[in-house]
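The values are calculated or read from the model by the stated rules, or taken from the named source; none is laboratory data. What you see is a predicted model, and the numbers here were worked out from it, not measured in a lab. All Cβ positions, even for glycine, are placed from backbone atoms using ideal geometry, and neighbour counts span all protein chains on display. Side chains are part of the model used for accessible areas, which takes the heavy atoms of the whole protein and leaves out ligands, DNA and RNA. Shrake-Rupley method; radii C 1.70, N 1.55, O 1.52, S 1.80 Å.
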Amino acid sequence: MKIRSCLNHVASGLLARFIGRNNDYQGFWTLGVLYSSVRTTPWRVELDLISGDAYPTNKITTNVVVEQSAALRTALSKQNVAWHFLKRATLTVQFNAPVQVGYTGIRGEPFVCIVELESVAGQSATVSFVGRCAAWAPGLFSGRAGYLHPQL
């Protein structure tokens with residue numbers, strides 16, 4: 001498979017995995033918990049999946065960037081793409097985004113999630129998703145069995 005196709009495949013898979021309802025942080029939807037950790041402007045989370053840096057830096061974003069970086073490594077190995085072949089790999093979530101979202105039946109404010117991958121040779125892949133997300137709050141959502149509150 002051509003490298004650009006591989007990068008698109010990996011980026012799409014990483015995005016789908018990240019925004020999915022089964023992606024949880026200590027029993028609660030990761031996006032909702034991330035949103036609760038950035039409840040001030042600019043309402044943005046930026047994860048550098050190569051260096052492991054996260055903005056803003058807090059316990060939640062630090063744990064999430066480690067988890068997503070591991071998922072990226074796994075996805076790359078399945079496509080036979082070496083880790084050092086990537087120059088840039090970012091995952092950005094803009095909460096409370098000024099975008100229109102069709103009716104989804106999900107409450108919350110609009111968000112935009114973008115995954116960007118770039119190889120050392122200059123090939124790149126960018127995928128995005130627009131949806132709705134409500135910030136996690138105690139008692140508002142139920143978590144998986146055994147989880148009452150995430151360790152914030």
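In the assembled protein chains, CYS6 presents an accessible area of approximately 10 Å² (probe radius 1.4 Å). Report summary: the helix-based calculation at 222 nm, which adds -39500 (n - 2.57) for every DSSP H run with n ≥ 4 and divides by the residues of the chain, gives -9500 deg cm²/dmol.
Can you give the extra length, in nm with one decimal, that the chain gains between SER51 and SER5 once fully stretched, where that is 0.36 nm per residue apart less the Cα-Cα distance? Please list the in-between numbers first.
Numbers: separation 46, 0.36 × 46 = 16.56 nm, distance 2.37 nm.
Working it through step by step, the gained length comes to 14.2 nm.
Put the Cα centre of the stretch 19-64 next to the Cα centre of the stretch 72-95 and the gap is 17 Å. Under the criterion of Cα pairs below 8 Å and six or more residues apart, the relative contact order for the chain equals 29 percent.
Each of GLY52, LEU31, ASN80 was scored by the projection of its Cα onto the charge dipole of the chain, and the greatest displacement toward the positive side belongs to ASN80; charges sit on the C-beta of Lys, Arg, Asp and Glu. Per the Kirkwood formula applied to alpha carbons, the stretch 40-123 shows a radius of gyration over Rh ratio, Rg over Rh, of 1.04.
Which helices, taking whole DSSP H runs in the chain, have alpha carbons extending 27 angstrom or more along the helix axis plus mean Kyte-Doolittle at least -0.5?
Values: long enough: 59-78 (29 Å, 0.18).
For the chain, where a helix must reach 27 Å along its axis and average at least -0.5, the hits are 59-78.
Rolling a 1.4 Å probe over the heavy atoms of the protein chains gives the stretch 1-74 an accessible area of 48 Å² per residue. Only protein heavy atoms count here; on that basis, with a 1.4 Å probe, HIS84 has an accessible area of about 150 Å². Under a model in which nothing but the beta-carbon of Lys, Arg (+1) and Asp, Glu (-1) is charged, the chain shows a dipole of about 260 debye around its Cα centre.
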